[in-house]
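Here's the structure we're looking at; comments come further down.
The values are calculated or read from the model by the stated rules, or taken from the named source; none is laboratory data. As the structure is a computational prediction, the values presented were derived from the model and not from experiment. Here the Cβ positions follow ideal geometry from the backbone for every residue, glycine too, while neighbour counts run over all protein chains shown.
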Amino acid sequence: MASVEGKVSLVGAGPGDPGLMTTRALELIGEADVIFYDRLIPPNALAGARHDAELEYVGKMPGTVHNPQEEINRRLVEAARAGKSVVRLKGGDPFTFGRGGEEAEELARAGISFEVVPGVTAAAAAAATAGIPLTHRDDSAGVAFVTGHREAGADAGQGMDPDGSLARFPGTLVFYMGVKRLAGNAADLIAGGRPAGQPAAAIQDASTPNQRVVTATLGTIAARVEEAGIRPPALIVVGDVVRHHSRLAWFGTGPLAGRRVVVTRAKHQAGKLAALLRGQGAEVIEMPVIEIEPLEPDRDALDVFARGEIDLICFTSPNSIDRFFAVLDGELEMDARDLPPLVAAIGPSTARRLKGYGIRADIVPDRALAEDLLGKLIADGHADKRILIPRALEAREELPEGLRQAGAAVTVLPLYRTVPVAPAKKLLQRAAAADAITFTAASTVRNLLAAVPGGLPGPAGISIGPVTSEAMRKAGIKVVAEASRSDLDSLAKAVAVAMDTGVEA
């Protein structure tokens, strides 16, 4: 009978690119009480975990007995029986050379409820990012995934393919964990009848910015791998499909290929910018220097809104929108139908966030600047309105003060504040060696300096807009480039242009 106290989710985290993690995987990570994770999960895979979640490393290094499987099985059962929501996070897919089957069997024997969340397995990712179709109408009608090493206790003197069945397999062979014994495995296949001249490839660190691909023939691949210094984690692909690599290789060819870029946004907001940069080939170092801390809303300001005494509401950031609608639902039991007749957004990205709540902003300046929004409100004849401004606790006063001077009745509603986060020493060391560092708000500049007096002298500073640029200059951080519009798409483009041309803003 299954336990009702706890549950274990065997979750595949994919091959290394955080963008290839599934929605379900991210949901479970965010809900878990305890997460047992492996060595080869993607960078920042645990960023969405609860602050109070237990994070337990149970990874294994090749050739070691650290974290034996029996001990991992025992800890999974123990945590579930303690009533905890458990995630067992594995690189790739849990049921493809991930020992997920063994763990599931142990949970079933113990009567523990479990689910399995598939992940993109390394073979599929490595082949796709290397431009090697595992199957192809002209070259291969099938594919076999094979372990590249024999377990201890296997019959001595027998090779990897004692009966020649793999050599005769009429399709593509993909070897996991196959670097160490590559020379012997290749010799076994050739002895079994596989042509020595058949194309072969080795793919290291698949789907990550460090991915490397070498190609050769089955007879020469071991020497080529040794010469190139290919090391685990790497997969070996054998078959005629490898010949497509020279024409179809696409990965790592973007304008930021080979570049390291630091993202300083709060961890729950870093995803989009990180994805845009990775899409251009960058290695992204997510180093949040701020967190968004919700505030208890001012009751008097809420009452003004609840009584319908507001003609226009001005949203000054996506965070202000998220917090306002959370308060609208939780504190006032109201919704978007209770908004005033006019809604303004400080810029295009804030307007896009409003659309996610089904609201189209009536007033949006071209640039996300308080001065531009102020000018547009006055020019459009809204200076005599009763205006509500949900915002951060510490924010520039240009908008509310300018509106008051123009004759508006302004109610400011602080809903959150940004608090500094001190990055770990190792993360700072990686960031210091990066090519560029992005700043999306003046608060990220201030909080970086709070954590690292003097900032990071190595990477080039890239700003999202004029206000952030001014904060950088005041802090002594050189502004190498500034986004043409104050949004994430333009910021990502500015990084690419700056890295390509080296032109200073």
Checking the condition aliphatic (A, V, I, L, M) and at pLDDT 90 or above, which residue from 449, 491, 456 passes?
491
Let me confirm something: among 241, 225, which residue is in a helix (DSSP H, G or I) and touching a Pro at 6+ places or on another chain (Cβ under 7 Å)?
241
A careful count of residues in the range 125-166 that are assigned to a helix (DSSP H, G or I), at pLDDT 95 or above and either touching a Leu at 6+ places or on another chain (Cβ under 7 Å) or surrounded by fewer than 13 Cβ atoms within 10 Å (Cβ to Cβ) (or both) gives 3
Tally time: how many residues in the range 253-284 are buried (at least 19 other Cβ atoms within 10 Å of the Cβ) and farther than 23 Å from residue 349 by Cα?
4
Restricting to the range 99-124, count the residues that are under 29 Å from residue 243 (Cα atoms), in a loop (DSSP other than H, G, I, E, B) and not polar (S, T, N, Q).
2
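From the set of residues in the range 57-66 that are touching a Phe, Trp or Tyr at 6+ places or on another chain (Cβ under 8 Å) and not in a strand (DSSP E or B), which is nearest to residue 207 (Cα to Cα)? Walk me through it before giving the result.
Pass one, the range 57-66, residues touching a Phe, Trp or Tyr at 6+ places or on another chain (Cβ under 8 Å): 57-59.
After this cut, where a residue has to be not in a strand (DSSP E or B) as well, the list is 58-59.
Working: 58: 23, 59: 20 Å.
Selected residue: 59.
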Cross-chain or 6+ apart pairs with Cβ under 6 Å, the range 27-40 first and free of Cβ contacts under 8 Å to residues at least 24 places away in the same chain, then buried (at least 19 other Cβ atoms within 10 Å of the Cβ) and in a loop (DSSP other than H, G, I, E, B)
30/48
Taking the range 361-418 as the search range and keeping residues that are among the basic types (Lys, Arg) and within 26 Å of residue 490 (Cβ to Cβ), which one is surrounded by the most Cβ atoms within 10 Å (Cβ to Cβ)?
391
Check the range 203-212 and report whether any residue there is closer than 24 Å to residue 139 by Cβ, outside any loop (DSSP other than H, G, I, E, B) and either hydroxyl-bearing (Ser, Thr, Tyr) or free of Cβ contacts under 8 Å to residues at least 24 places away in the same chain (or both).
yes
Pick from the range 300-352 the residues that are of a type in the set (Asp, Glu) and in contact with a strand residue (DSSP E or B) (Cβ under 8 Å, 6 or more places away or on another chain): which of them is surrounded by the fewest Cβ atoms within 10 Å (Cβ to Cβ)?
309
Could you please give the count of residues in the range 1-56 that are within 16 Å of the chain's Cα centre (by Cα), assigned to a strand (DSSP E or B) and more than 26 Å from residue 235 (Cα to Cα)?
0
Among the numbered criteria (1) more than 22 Å from the chain's Cα centre (by Cα); (2) part of a helix (DSSP H, G or I), which single criterion is violated by residue 296?
(2)
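Results for (1) of a type in the set (Gly, Ala, Ser); (2) at pLDDT 95 or above; (3) in contact with a Cys (Cβ under 8 Å, 6 or more places away or on another chain), shown as yes or no for each residue.
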position	(1), (2), (3)
172	no, yes, no
175	no, yes, no
195	no, yes, no
209	no, no, no
220	no, yes, no
228	yes, yes, no
242	no, yes, no
251	no, no, no
Selection from the range 258-293 of residues in contact with a Ser or Thr (Cβ under 8 Å, 6 or more places away or on another chain), within 23 Å of residue 207 (Cβ to Cβ) and part of a strand (DSSP E or B) yields 261, 262, 263, 283
So, of the residues in the range 423-445 that are without any contact (Cβ under 8 Å) to a residue 60 or more places away in the chain and surrounded by fewer than 18 Cβ atoms within 10 Å (Cβ to Cβ), which turns out to be nearest to residue 258 (Cα to Cα)?
432
